[in-house]
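Participant: Quick one: the structure is below, questions incoming.
The values are calculated or read from the model by the stated rules, or taken from the named source; none is laboratory data. Being a predicted model, the structure only gives us computed values, none of them experimental. With ideal geometry, Cβ positions are generated from the backbone for all residues, glycine too; neighbour counts draw on all protein chains shown.
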Amino acid sequence: MLVVLATAEGWSSLTSLLQNSSGDNGFQMTLRSLGPEAVCDLSVEDRSISLHRADLKEDMSHTISDSSQSCRGGTDAFLLLVHGGLYTEKEQRLVEILQAHFGAEALKHLVILSVEDGKVADTLDDALVDLINVCEGRYCRIRRWAAGGGLQALQEMVKNVVAEKNSAGYTEATLARSNRSCTEDLAMNMLRRKLQEAEEKRRAFMEEVQKQEERRARETEELRAQHQEERRKEAAEEKQHKENRENLHEAVSSHRCMLQLQRTAPEDDETQRISVVLLGLTGSGKSSALNLILNRGRNQYWSQDPGQDPVPPTVTCERKEMSAGGKRLILVDTPELWDEDGVEDLDLVKDCLALALPGPHVFLLVLQVGRFTQVESEILGHLQRVFGREVAEHAIILFVRFDGNQSEPQRIDQYVSGSHPSLQDLVRRCGSRYFELNLSRSRSPLSYAQVKELLSGIHKLVASHGDRRFAVRRFSAQELQDRTKVLAERRAGAQEENCLLTHE
């Protein structure tokens, strides 16, 4: 018995071809029904073949099972019917259904039969060739003019299949083995799927655990960094408070000492007066430095005020007084004493010397840190032409800073040692006497110690000359005294004019 897998069109074509060939050469065909199945009984000489068509459905197990029960020997082979060598999607679906219900074992009993009652394909489809190879070359062709001969070849091929498999064909036992194998495969696949799901759950759990650990590590690191920043701020605040406390203590002690010296020092004693003339280019910071020295000497405090206007440029010579080290300190602020061509302003020179009568002790040369131009490198030569060559022996260089934004400014010793050779030569010619003054409001506590060092340096220079004043030979004492009267009258007139403007 052969179970035929065919579409309705393919089965009709086969039976029509066989019926047209019936009676030739002893070939006989009988059509009948066996329950829902169509059966075609064929006899060729002394051989017989029973063809049972399986209905084309998704579930074919019942149909073929009935066919198997109706034949004691089971199913000799499965016969896939194609038309003219064409392997269409319908035939491919039949093979898929066959394997789904009878397993891969069914392909070992599969024979491909091509019914050629019309047009025949010149070349077999690649998919059909692959299927023929899987079926180990079991491919037969039935033509209209040779139906009996084709069926004999088909019967011989079926017998060979049965003989090769050493069995009675595809039986219920084969189906049972296929079902068991299928069940085992399903169970194995289910087990693999469960294992895969368990592995995916484990992997997801481990990923979640890792994310939580990373989040905890990140939070711990952030807390550690926050604590370090807080400790750093506390240390900086503690250091700042300590510096402020030390500066205030030093300021109180200095003020107490100055008050004591002011009580004991006679104001009219000329030996108790020191005259200092501040010199420098416009914008060098002379007036700002003088104001800071006065405020520190008088123990006045600056408040932080970033919006305050800068000190305007000095246009006339001005005299200020304060107490320092038990003596009266006269500070004379000056504008630039020469023009761009190096020509001196004689009136300004007379004014600064008249305000420092009976003569200056110290010339304080003010330079700005970070600014040293060609004009500033020639400043000592200008001063020597104005006051005399001995001016360098009474000169002190004062470096002023405005870089309050720097948290750790460069030390003045390092600045001088790494400066331009012209600046180093200027410092050397002034006896290597130089001091630093920070004019930044943000670092104002440092100025207490700096002003103290500057005043100490002034006292030491004056003492080194035996309190002798610098002698200017260009002008007589009488000429400078007359100039002092002119300045006093000019100052009084300016005060009277300001008073009238105020009343108006």
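Participant: With respect to the numbered conditions (1) of a type outside the set (A, V, I, L, M, F, W, C); (2) farther than 30 Å from Gly84 by Cα; (3) assigned by TED's automatic domain parsing to the domain that holds Leu79; (4) at pLDDT 65 or above, which one is the sole condition not fulfilled by Arg141?
Facilitator: Answer for Arg141: the failing condition is (2).
Participant: If you don't mind, another one. With Glu156, Glu164 as the choices, which residue is in a helix (DSSP H, G or I), at pLDDT below 70 and in the same structural domain as Phe78 (by TED's automatic domain parsing)?
Facilitator: Being in a helix (DSSP H, G or I), at pLDDT below 70 and in the same structural domain as Phe78 (by TED's automatic domain parsing) holds for just one of Glu156, Glu164, which is Glu164.
Participant: Another question, then. Does Val416 meet the test of being within 24 Å of Glu340 (Cβ to Cβ) and among the hydrophobic types (A, V, I, L, M, F, W, C)?
Facilitator: Criteria not met by Val416.
Participant: Might you let me know whether the range 344-366 holds any residue that is on the phi > 0 side of the Ramachandran plot and touching a residue at least 60 places away in the same chain (Cβ under 8 Å)?
Facilitator: Among the residues of the range 344-366, at least one is on the phi > 0 side of the Ramachandran plot and touching a residue at least 60 places away in the same chain (Cβ under 8 Å), which makes the answer yes.
Participant: Let me ask something else. Among the residues of the range 344-393, write down those that are under 22 Å from Arg433 (Cβ atoms) and assigned to a strand (DSSP E or B).
Facilitator: Val362, Phe363, Leu364, Leu365, Val366, Leu367, Gln368
Participant: Restricting attention to the range 394-427, which residues are farther than 17 Å from Leu439 by Cα, in a helix (DSSP H, G or I), among the aliphatic types (A, V, I, L, M) and in contact with a strand residue (DSSP E or B) (Cβ under 6 Å, 6 or more places away or on another chain)?
Facilitator: Passing the criteria: only Val427.
Participant: Related question: Step by step: first the residues of the range 71-96, then only those that are modelled with pLDDT of 85 or more and surrounded by fewer than 19 Cβ atoms within 10 Å (Cβ to Cβ), then the one that is nearest to Asn20 (Cα to Cα). Which residue is that?
Facilitator: Among them, the one singled out is Leu86.
Participant: Please determine whether any residue of the range 356-364 is buried (at least 18 other Cβ atoms within 10 Å of the Cβ), within 19 Å of Val462 (Cα to Cα) and within 58 Å of the chain's Cα centre (by Cα).
Facilitator: Yes - at least one qualifying residue is present in the range 356-364.
Participant: Name, by its number, the condition in (1) at pLDDT 80 or above; (2) out of contact with any Ser or Thr (no Cβ under 7 Å at 6 or more places or on another chain) that does not hold for Gln300.
Facilitator: The one condition Gln300 does not meet is (1).
Participant: Quick one: which residue in Ser21, Ser65, Ser50 is small (Gly, Ala, Ser), within 19 Å of Ala77 (Cβ to Cβ) and modelled with pLDDT under 75?
Facilitator: Just one listed residue meets the conditions, Ser65.
Participant: When you look at Leu98, is it of a type outside the set (Lys, Arg) and not in a loop (DSSP other than H, G, I, E, B), yes or no?
Facilitator: Spelling it out, Leu98 is indeed of a type outside the set (Lys, Arg) and not in a loop (DSSP other than H, G, I, E, B).
Participant: Inside the range 316-336, can you point out the residues that are over 20 Å from Leu365 (Cβ atoms) and modelled with pLDDT under 85?
Facilitator: Ser323, Gly325, Gly326, Lys327, listed by residue number.
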